Every structure is written in structure tokens, then in C-alpha cells.
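Quick one: the structure is below, and I'll ask about it shortly.
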Amino acid sequence: GYIGYAVIFFIIIGIVLLVLSASRFGEKNSAEKELKITIAESLDYNGIFDDLFDKYTNNFELVRVKTTNMGSLYELQYHISIKDQTLEKEFIDEIRCRNGNLNITCGKVPTNKDEL
């Protein structure tokens, strides 16, 4: 009796795991990125890149604004979803033209945050 229940339970759990694995349940979208852009403090960061985001992304959200370099620079942190992965370099090049060729970092959205 108990072995039969164990086998049935094992088969049910196995089927559930196969279905979840096949449906890619819980995986992050590879188009979701974290974008950090450094700009000079003289630039108004509200809406400065909105036309580029509309052109190259499905959605975007300004997550954080941080001052760097003794307050002379702003670091803008966005969460974006890229429309076409092949145009990512072109997107970054257009941002570089706007931010005066300062630092731009584009990568995966971190799952955990280690910051003081």
C-alpha cells in the first residue's frame, strides 16, 4: 500500500516539475536589463532620454538617481525591456552622444542587492 502511494506521489511530482520546466515558469525575461547612465549635473535628467527609450525599449522605469564624483555627476539607474537585442549597441551609442561619452552600464537586473 505505502509503496504504491509513494510511486503515485513520485509520478505526480515528476509530471508537475516537467510541466513547469517546459513552460519556463519563474525564468526572467532576457530582454529585461538594468541600465546605469552617468550624466553631468548641468543636464536635466527628467525626460532627457525618453525619446530613445520609446524608440528602443518596450518599457522603462527610472529606479534611482544618485550623485557621484562629489556631486558633480548624476548616476541614473533604469530598468528597461529592450525591443530588439540586436539594436542594443546602437541604443547605447545614441545615449553616449547625449551624456557626453560618460559611463554607461547595461546588464542583467540583479536578483539581490548588496550595497551599503
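Could you count how many residues in the stretch 94-111 are hydrophobic (A, V, I, L, M, F, W, C), under 12 Å from LEU52 (Cα atoms), out of contact with any helix residue (DSSP H, G or I) (no Cβ under 7 Å at 6 or more places or on another chain) and surrounded by 14 or more Cβ atoms within 10 Å (Cβ to Cβ)?
At the first step, the residues of the stretch 94-111 found to be hydrophobic (A, V, I, L, M, F, W, C) are 95, 97, 102, 104, 106, 109.
Filter once more, so that each one left must be under 12 Å from LEU52 (Cα atoms): 95, 97.
Still in the running and out of contact with any helix residue (DSSP H, G or I) (no Cβ under 7 Å at 6 or more places or on another chain): 97.
Still in the running and surrounded by 14 or more Cβ atoms within 10 Å (Cβ to Cβ): none.
Qualifying residue count for the region: 0.
Looking at the stretch 1-48 only, could you name the residues that are surrounded by 10 or more Cβ atoms within 10 Å (Cβ to Cβ), of a type outside the set (A, V, I, L, M) and out of contact with any strand residue (DSSP E or B) (no Cβ under 9 Å at 6 or more places or on another chain)?
Correct list: PHE9, PHE10, GLY14, SER21.
Any idea how many residues of the stretch 41-97 are of a type in the set (Ser, Thr, Tyr) and in contact (Cβ under 8 Å) with a residue 40 or more places away in the chain?
Total satisfying the criteria: 2.
In the stretch 17-35, what residues are of a type in the set (D, E, K, R) and either in contact with a Leu (Cβ under 7 Å, 6 or more places away or on another chain) or at positive phi (or both)?
Taking the stretch 17-35 first, the residues of a type in the set (D, E, K, R) are 24, 27-28, 32-34.
Of everything in the stretch 17-35, just one residue is of a type in the set (D, E, K, R) and either in contact with a Leu (Cβ under 7 Å, 6 or more places away or on another chain) or at positive phi (or both), namely ARG24.
Looking only at the stretch 4-23, decide whether some residue is among the hydroxyl-bearing types (Ser, Thr, Tyr) and in contact (Cβ under 8 Å) with a residue 24 or more places away in the chain. Show your work before the answer.
Within the stretch 4-23, the subset among the hydroxyl-bearing types (Ser, Thr, Tyr) is 5, 21, 23.
Right, trim to in contact (Cβ under 8 Å) with a residue 24 or more places away in the chain and you get none.
No, because not a single residue in the stretch 4-23 is among the hydroxyl-bearing types (Ser, Thr, Tyr) and in contact (Cβ under 8 Å) with a residue 24 or more places away in the chain.
Readers should treat all values here as calculations from the given coordinates under stated rules, not as data from a laboratory. Only a predicted model underlies this, so the values are computations on that prediction, with no experimental measurement involved. Cβ sites come from the backbone with ideal geometry, for glycine too, and all protein chains shown count toward neighbours.
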